[in-house]
Amino acid sequence: MNSLRLLVSCVLISRCWSTEEPTFPPWFKFGVATAAYQVEGAWNVSDKGEGDWDRLFHVHPELKGHPNGDVACDSYHLWRRDIEMLEELGVDMYRFSISWPRLLPTGFPNHISQDGKNYYNNLIDGLVEKGIEPLITLYHFDMPQSLQDLGGWANPLIVNWFEDYARVVYTLFADRVKIFVTVNEPFIICELGYSKGHVPYHQDQDVGRFLCNKNTLLAHAKAWRLYDEEFRPLYHGKVSLSNLFIWFEPATPADKELTELALEHWEGRYGHPIYSKEGGWPLKIQKFLNDKAMKEGYPYPRMIPFTPEEIELVRGTYDFYGLNHYTTFLARRARPGEKIGRWPLYGSEELGMVMEGDPSWTTGEVDWFTMHPEGVRRQLHWLNDTYGVKEIIITENGYIKVDKQLNDWSRLKYTKDYLEQILLAINDGINVTGYTHWSLMDNFEWMVGYNVNFGLYSVDFKDPNRTRTPRESARYYSKVTRSRSVNHRHIGLNYV
Ligand code: BGC
């Protein structure tokens with residue numbers, strides 16, 4: 001049965017018989033990614049501070065009974081097994097995040113947790129010993145509750161607090177860690193966080209969302225400049241942020257302008273101030289949103305202006321573009337009276353825009369996921385043409401599933417098809433230097449809890465040992481990392 005399936009998949013999904021196998025260049029790094037709150041657990045060991053997700057799930061009355069990350073994959077205790085899995089996968093690098101409240105229990109550097117320091121030092125040393133490069137994300141959605149109580153990303157002082165935190169991380173770890181992501185997906189932090197889809201679980205689409213938009217960029221910029229001035233001369237590493245970038249294509253030629261606005265809305269508000277030559281907000285969306293605020297009677301522009309000094313502070317603060325790509329949508333104007341669905345992330349109503357997959361594309365297992373691998377290649381071209389970025393690292397890309405089976409053929413196919421397009425983009429001349437697949441293992445998927453999975457390894461969340469088991473996609477990926485090729489006989493009959 002298995003063999004038959006393999007044969008069918010082989011014929012359907014790849015040119016298995018091809019003898020010409022384009023391979024990834026030797027300098028291209030394969031990896032996998034996770035994030036602290038999603039995998040670590042150990043939410044209250046030692047002197048760890050309370051995080052905003054801890055507070056949300058422990059205390060918020062509306063979310064009583066919601067699953068949480070108290071134990072998650074228990075990587076705090078099982079990090080040695082995690083490294084073993086990375087070895088099994090044969091990856092070159094591992095992207096993980098530091099839990100700010102674990103390292104700085106008060107949120108401030110007045111007290112650095114010895115326990116937190118030991119945990120990350122052990123992990124980093126364990127990786128380095130096995131020749132796996134650590135890639136650290138400073139902020140992957142979890143904030144000390146002490147700082148959230150003071151307004152979190154809506155308080156302009158967060159910019160300095162984040163810089164203080166970044167200094168601690170660089171001081172402790174930059175001798176062994178050469179790639180840092182400052183902030184993961186400010187889009188999700190601000191757009192979902194201020195529409196009750198994430199922490200801080202506020203409903204404030206008109207003001208809080210835009211304070212957050214600006215402050216995440218300023219915080220990132222300060223952390224980048226700090227590294228650039230004080231740590232780069234010593235360690236010669238790289239720092240950037242990671243943007244979630246849904247790729248849009250116009251549904252019809254008449255939707256071209258709307259699609260451009262959508263790109264500015266989703267990517268430009270988080271990318272343009274950093275990556276464009278001129279810096280500052282992207283103009284079309286700025287005008288669109290500010291006009292809207294005026295019509296609604298607000299005395300202030302919705303997109304909070306940058307001062308000329310701030311424009312300069314943020315502009316050019318990158319060493320690569322950190323791209324989190326999952327999916328592509330067609331964008332079209334909503335018909336009069338048409339109901340706009342929940343996805344995409346609360347931006348479509350504002351723009352009067354519907355996002356949907358083309359009927360010819362394969363839909364995923366959840367409503368927000370369509371498969372259109374060509375989208376990532378076009379997007380990489382767009383980044384190259386629009387910003388002229390010299391290096392791109394794909395810091396997330398992965399496939400959501402609802403069933404937990406080990407035979408995750410759809411994930412395997414997704415991974416293969418997307419990597420194939422990334423390789424084509426590299427061969428087109430786009431300098432993509434790395435890829436960290438989301439995710440190493442099933443983990444705590446924020447507001448969706450444990451109901452969906454992204455893991456190359458499955459995790460048994462009912463088992464106190466949190467046993468991890470490789471899926472077919474893990475076996476496949478381990479062949480890819482070793483052969484540096486995606487489209488070859490190893491997916492064939494003699495594969496397992
Ligand atoms: C986030 C991850 C998340 C993944 C899948 C990304 O937006 O960085 O934390 O698990 O998407 O939803």
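Please tell me if L283 is surrounded by fewer than 20 Cβ atoms within 10 Å (Cβ to Cβ) and without any contact (Cβ under 8 Å) to a residue 24 or more places away in the chain.
Numbers: surrounded by fewer than 20 Cβ atoms within 10 Å (Cβ to Cβ): yes; without any contact (Cβ under 8 Å) to a residue 24 or more places away in the chain: yes.
For L283, the condition - surrounded by fewer than 20 Cβ atoms within 10 Å (Cβ to Cβ) and without any contact (Cβ under 8 Å) to a residue 24 or more places away in the chain - is met.
Test K29 against the criterion of being surrounded by fewer than 13 Cβ atoms within 10 Å (Cβ to Cβ) and at pLDDT 95 or above, and give yes or no.
Considered against the rule, which asks whether it is surrounded by fewer than 13 Cβ atoms within 10 Å (Cβ to Cβ) and at pLDDT 95 or above, K29 comes out as no.
So in segment 422-441, with the set limited to residues that are crowded, with 20+ Cβ neighbours inside 10 Å and among the polar types (S, T, N, Q), which one is nearest to the ligand (Cβ to nearest atom)?
S439
Restricting the first residue to segment 69-89 and requiring it to be over 18 Å from N453 (Cα atoms), which pairs with a second residue that is assigned to a loop (DSSP other than H, G, I, E, B) and acidic (D, E) meet a Cβ separation below 7 Å and a spacing of at least six or different chains?
Note: pairs meeting the criteria are Y76/E40.
For residues that are more than 16 Å from the ligand (Cβ to nearest atom) and either in contact (Cβ under 8 Å) with a residue 60 or more places away in the chain or not in a helix (DSSP H, G or I) (or both), tally how many sit in segment 383-403. Don't jump to the end; show me each part of the working.
Applying the first criterion (more than 16 Å from the ligand (Cβ to nearest atom)) to segment 383-403 yields 383-392, 403.
With either in contact (Cβ under 8 Å) with a residue 60 or more places away in the chain or not in a helix (DSSP H, G or I) (or both) added as a condition, the list becomes 383, 386-392, 403.
Final tally of qualifying residues: 9.
A quick yes/no check of all residues on (1) away from the ligand (no atom under 16 Å from the Cβ); (2) within 24 Å of R378 (Cα to Cα); (3) in contact with a helix residue (DSSP H, G or I) (Cβ under 9 Å, 6 or more places away or on another chain); (4) not in a loop (DSSP other than H, G, I, E, B):
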position	(1), (2), (3), (4)
G297	yes, no, no, no
P301	yes, no, yes, no
I311	yes, no, yes, yes
G316	yes, yes, yes, no
D319	yes, yes, yes, no
L323	no, yes, yes, yes
Y326	no, yes, no, no
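Quick check: anything in segment 342-353 in a loop (DSSP other than H, G, I, E, B), closer than 24 Å to T182 by Cβ and open to solvent by less than 50 Å² (accessible area, probe 1.4 Å)?
yes
Return a yes/no flag: does segment 59-75 have any residue that is among the basic types (K, R), open to solvent by 40 Å² or more (accessible area, probe 1.4 Å) and either touching a strand residue (DSSP E or B) at 6+ places or on another chain (Cβ under 6 Å) or in a helix (DSSP H, G or I) (or both). First the steps, then the outcome.
Quick first cut of segment 59-75, residues among the basic types (K, R) only: 64.
Then drop every residue that is not open to solvent by 40 Å² or more (accessible area, probe 1.4 Å), which leaves 64.
With the extra rule that they be either touching a strand residue (DSSP E or B) at 6+ places or on another chain (Cβ under 6 Å) or in a helix (DSSP H, G or I) (or both), the set shrinks to none.
No, there is no match, as no residue in segment 59-75 is among the basic types (K, R), open to solvent by 40 Å² or more (accessible area, probe 1.4 Å) and either touching a strand residue (DSSP E or B) at 6+ places or on another chain (Cβ under 6 Å) or in a helix (DSSP H, G or I) (or both).
Could you run through segment 140-154 and say how many residues are part of a helix (DSSP H, G or I) and either of a type in the set (A, V, I, L, M) or open to solvent by 10 Å² or more (accessible area, probe 1.4 Å) (or both)? Working first, answer last.
Within segment 140-154, the subset part of a helix (DSSP H, G or I) is 145-148, 152-154.
From what's left, either of a type in the set (A, V, I, L, M) or open to solvent by 10 Å² or more (accessible area, probe 1.4 Å) (or both): 145-148, 154.
Selection size over segment 140-154: 5.
One line per residue, one yes/no per condition, for (1) part of a helix (DSSP H, G or I); (2) closer than 28 Å to E87 by Cβ; (3) in contact with a Leu (Cβ under 7 Å, 6 or more places away or on another chain):
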position: P109; (1), (2), (3): no, no, no
position: G116; (1), (2), (3): yes, yes, yes
position: Y119; (1), (2), (3): yes, yes, no
position: L123; (1), (2), (3): yes, yes, no
position: V128; (1), (2), (3): yes, yes, no
position: L138; (1), (2), (3): no, yes, no
position: N160; (1), (2), (3): yes, no, no
position: R167; (1), (2), (3): yes, no, yes
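Could you check segment 177-193 and list, in sequence order, the residues that are within 14 Å of the chain's Cα centre (by Cα) and either closer than 11 Å to I136 by Cα or more than 14 Å from the ligand (Cβ to nearest atom) (or both)?
Matches in segment 177-193: F180, V181, T182, V183, N184.
What's the total number of residues in segment 404-421 that are more than 16 Å from the ligand (Cβ to nearest atom) and either among the polar types (S, T, N, Q) or free of Cβ contacts under 8 Å to residues at least 40 places away in the same chain (or both)?
Count: 3.
Inside segment 30-47, can you point out the residues that are within 13 Å of the ligand (Cβ to nearest atom) and either closer than 19 Å to T415 by Cβ or assigned to a strand (DSSP E or B) (or both)?
Answer for segment 30-47, where residues must be within 13 Å of the ligand (Cβ to nearest atom) and either closer than 19 Å to T415 by Cβ or assigned to a strand (DSSP E or B) (or both): V32, A33, T34.
The values are calculated or read from the model by the stated rules, or taken from the named source; none is laboratory data. As the structure is a prediction and not an experimental result, all values here were calculated from the model. Counting neighbours? That spans all protein chains shown, and the Cβs are built from the backbone with ideal geometry, glycine included. We work out accessible area using only protein heavy atoms, side chains counted, and drop any ligands, DNA or RNA first. Shrake-Rupley method; radii C 1.70, N 1.55, O 1.52, S 1.80 Å.
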